[in-house]
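**Student:** Before we start, here is the structure in question, set down as structure tokens.
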Amino acid sequence: MKKIVGIFFFIIINYQLLIINCYAQQDAQYSMYMFNQLALNPAYAGSREALSSTLAYRDQWTGISGAPTTAAFTIQAPLTNKHMGLGLEILSDKLGPENTSAVLFSYAYRIRLGKGKLSFGLRMGMYDYAFDWSKIDYKDQGDIYSAQASTSKITGSGDFGLYYYSRTFYWGLGMTHLNQGKISNVSSTDSSARQTVHFFMPIGKSFEVGNVVINPSLLFKGGGNIPTETDLNLNILLKEHLWLGVSWRSTYGLVFLTQYMINEKMRVGYSYDYGMNKIGIAGKGTHEIMIAYDINIHGTKMVMPRFL
């Protein structure tokens, strides 16, 4: 136990050292991440105690041409050996002339700790960064990229995560792109663009008040030379079927979300981001939809069917 705590504090104290040479945020952003944290943390794999699949689509800043659009499919499950979980994510993320595709595999190993479980996760995968440089207007026609019609770079990524959860509580730390792989080889110098290390630290707690569940949560996230951003969330579950929620995202604005649990297996969700900074106002809103389906493949009781 002392070794586990020591490792935990070592990671917390030193994560800033890992991102000291990074330059910008690159990972896709989601507003309903609290309902499927596999995108943030490989240690989440298998934690729903079911074969769980999720399909998500995000259309960001609909008022801006070339703004980000993201489509993602994830599937995860615990193995027959209940200490282990596996996950798969297939991602397509578009931003202006850039089209990023990825296939990512997650492995988690879980141990009992107190009233919950502590999970250690690793993720490996491949990213394909494709750029259509003809879509850019160049002020400097001698720019090295102006001579390129299009380029594509495939690079690997290595991620790490910790995740502790019980029926009513969770805390996690996910760190992505620890290898800082190259994104483009167009540059003739060693200044080629690289992946940046990102970190995601969510924490949430649920409370039952009659037949209502109240779930406040926080998410700290950052990467590169951008400031750390905080999401303050409050979700309420009514009559075991309808989630209603609101989030305050620092430096940006508000998020409104809802999720309806059609039955014990199927969930559908929608969120709307209302930006209050300059780009949020110009972007005129962001829409995100999610469809999730769980299958109890091992015949065991699901740990988190209602709260997390």
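**Student:** Mind checking segment 89-120 for trypsin sites (Lys or Arg not before Pro) that DSSP puts in a loop (not H, G, I, E or B) and that have at most 12 other Cβ atoms within 10 Å? List each step's numbers first, then the result.
**Tutor:** Numbers: sites: 94, 110, 112, 115, 117; in loops: 115.
Listed in order of number, the matching sites are 115.
**Student:** While we're on this one: Convert each backbone phi in segment 208-217 into a coupling constant with the Karplus relation 6.51 cos²θ - 1.76 cosθ + 1.60 (shift: θ = phi - 60°), then list the ³J(HN,Hα) values in order as whole Hz, x for Gly and Pro.
**Tutor:** After applying 6.51 cos²θ - 1.76 cosθ + 1.60, I find 8, 10, x, 9, 10, 10, 10, 10, x, 7 Hz.
**Student:** Now for a separate question. Nearest 0.05, what FRET efficiency do residue 274 and residue 130 give at R0 = 35 Å with Cβ-Cβ as r?
**Tutor:** On the way: r = 32 Å, r/R0 = 0.90.
About 0.65, to the nearest 0.05.
**Student:** Same structure, new question: Can you compute the FRET efficiency between residue 211 and residue 289 using 1/(1 + (r/R0)^6), with r the Cβ-Cβ distance and R0 = 22 Å? Round to the nearest 0.05. Working shown, then result.
**Tutor:** Details: r = 27 Å, r/R0 = 1.24.
After rounding, the FRET efficiency stands at 0.20.
**Student:** Taking a threshold of 19 Å on the Cα-Cα distance, which of the pairs 94/221; 94/135; 153/182; 115/205; 221/278; 82/117 fall above it? Don't jump to the answer; show the numbers that get you there.
**Tutor:** Working: 94/221 21 Å; 94/135 13 Å; 153/182 8 Å; 115/205 14 Å; 221/278 21 Å; 82/117 11 Å.
Correct reply: 94/221; 221/278.
**Student:** Hey, fewest Cβ within 10 Å first, where do 30, 165, 109, 129 land in order?
**Tutor:** 109, 30, 129, 165
**Student:** Quick check: residue separation of residue 297 and residue 95 times 0.36 nm, minus the Cα distance between them. What number comes out in nm? Display every interim value, and only then the final one.
**Tutor:** Details: separation 202, 0.36 × 202 = 72.72 nm, distance 3.76 nm.
Computed gain between residue 297 and residue 95 is 69.0 nm.
**Student:** In addition: Separation between the residue 71 and residue 122 pseudo-spin-labels, each 7 Å from Cα along Cα→Cβ, expressed in nm?
**Tutor:** 3.2
**Student:** Test of understanding: ordering 287, 198 by Cβ neighbours within 10 Å, fewest first, what list do you get?
**Tutor:** Details: 287 14, 198 23.
Placing the least packed residue first, the sequence is 287, 198.
**Student:** Which order results if 268, 197, 255 are arranged by neighbouring Cβ count within 10 Å, fewest first? Before the final figure, lay out the partial values.
**Tutor:** Details: 268 14, 197 24, 255 21.
Sorted ascending by nearby Cβ count, the order is 268, 255, 197.
**Student:** Counting only C-alpha contacts under 8 Å and six or more residues apart, can you give the relative contact order of segment 65-130 as a whole percent? Walk me through the numbers on the way to the answer.
**Tutor:** Details: 137 pairs, mean separation 18.0, N = 66.
Contact order relative to length: 27 percent.
**Student:** Multiplying the sequence separation of residue 57 and residue 260 by 0.36 nm and subtracting their Cα-Cα distance, what value in nm do you get? Before the final figure, lay out each step's value.
**Tutor:** Values: separation 203, 0.36 × 203 = 73.08 nm, distance 1.67 nm.
Gain on extension, residue 57 to residue 260, equals 71.4 nm.
**Student:** In addition: Between residue 64 and residues 5 or more places away or on another chain, which pairs have amide H atoms under 5 Å apart, with H built 1.01 Å from N, and which residues are they?
**Tutor:** Close amide H contacts, sequence-distant or interchain: none at all.
Each value in this text was obtained by applying a stated rule to the coordinates, not by laboratory testing. As the structure is a computational prediction, the values presented were derived from the model and not from experiment. We place every Cβ from the backbone using ideal geometry, glycine too, and count neighbours over all the protein chains shown.
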